[in-house]
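Data block below; observations after.
The values are calculated or read from the model by the stated rules, or taken from the named source; none is laboratory data. These figures come from a predicted structure and were not determined experimentally. As a convention, Cβ positions derive from the backbone with ideal geometry for all residues, glycine included, and neighbour counts pool all protein chains shown.
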Amino acid sequence: MESSARRDSPLMTPREIYERLDRFVIGQEAAKRAVAIAAHNHLKRVQARRLRRTSLLKKSNILLIGPTGSGKTHIARNLAEILSVPFTTVDATEYTEAGYYGKDVEVMVADLLFKANHSVEDTQRGIIFIDEVDKIARRSQGARNGAGSRDIGGEGVQQALLKLLEGREVFVPMNVTQTFNRGDFVPIDTRDILFICAGTFSDLHEYGGNVDTRPMGFGAQDVQKVRRRITTKQLVDFGILAEFLGRLPVVVQLELLGEPELLRVLTEPPDSIVREYRELLGLDGIELDLTEDALREVVRFSIEKGLGARGLRSILEHVMSDVMFEAPEHRRRQVTVDQGFVRARLGGLEASAGLGAF
């Protein structure tokens, strides 16, 4: 993370944020634009507060909805690097309502404090990424106003998160490994912390389904599939509190990545998996040639198993395991991995029921 001195530099425009995100995040054009706008508005709000101006700007917390492997965490992590702010990822399922055994929600701010090297000033302008937020949906069948039975891991966590999302001063433990030690606490103001919540909401994706749009133009034959947008009412019916959604004004729905996008994920970003393997073998003086047909075979396998971009590394790790083991001992200076090699390796994987590793 860079020094906080960068805060005095001119604010990045939404286009600048988008263009830098675009280098590392393949596809999801609408999501990148929405996140770039929200991040720019967040920076303006932070600057106005730092200059002690009276401002009507509200927090631009973000809710990312999308299937597994669509890039939710990847977008948030790269956004933090672009803005040069502390970043932490937490799992919503680890937290419980205050007073019950488990992590209090203030611990996620303590995680951010740790990532900021215990700098309160840097912590108060960081980003907290809350994953699996769909897993804390209301599970009790009581009254809609919360008067039913206690739901300490679902509705209770949403209620506890309200104060953090809205922004107020909370006391967080200095040592994240001793969250039950009530001795060392530090006050943190969460008004300038950007919260990015994410979840698959898989039931809603299945419920929303695809809509067939009529072909346009003379002689048109193809029917385009368009995914319905998930509505606020659907999220409330799913079990997300209306008050919780009210503190997440920017709702971004990510699409399932197709074969062209996944192929680009493998090769285009500066930190792509293929570049990494070529560098690893290059240190041994070996040139790696991964053919396009081989990469397409990896992508097709990921799509068939519903693994998305997240599964590409695991698949390629399996495919390349023998090559990485034997290549440094070979005298030849070039190794070619083609479609037949990949197909044989993946066929053996399915035959041995090794998919559990993914």
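Before moving on, here are some points about what is shown:
- Considering (1) farther than 20 Å from Gly69 by Cα; (2) surrounded by 12 or more Cβ atoms within 10 Å (Cβ to Cβ); (3) modelled with pLDDT of 90 or more, the lone condition that Glu350 does not fulfil carries the number (3).
- Given (1) at pLDDT 85 or above; (2) not in a loop (DSSP other than H, G, I, E, B), number of the condition Pro270 does not satisfy: (2)
- When Ile286 is tested against (1) touching a strand residue (DSSP E or B) at 6+ places or on another chain (Cβ under 7 Å); (2) surrounded by fewer than 17 Cβ atoms within 10 Å (Cβ to Cβ); (3) not charged (D, E, K, R), exactly one condition is not met: (2).
- Checking each residue in segment 283-307 for being in a helix (DSSP H, G or I) and charged (D, E, K, R) picks out Glu292, Asp293, Arg296, Glu297, Arg300, Glu304.
- Candidate set from segment 65-81 (those that are β-branched (Val, Ile, Thr) and surrounded by fewer than 19 Cβ atoms within 10 Å (Cβ to Cβ)); member that is modelled with the lowest pLDDT: Thr68
- With a requirement of 2 or more residues that are at pLDDT below 75, the strands (runs of 3 or more DSSP E) lying completely within segment 158-267 that satisfy it span 210-213, 224-227.
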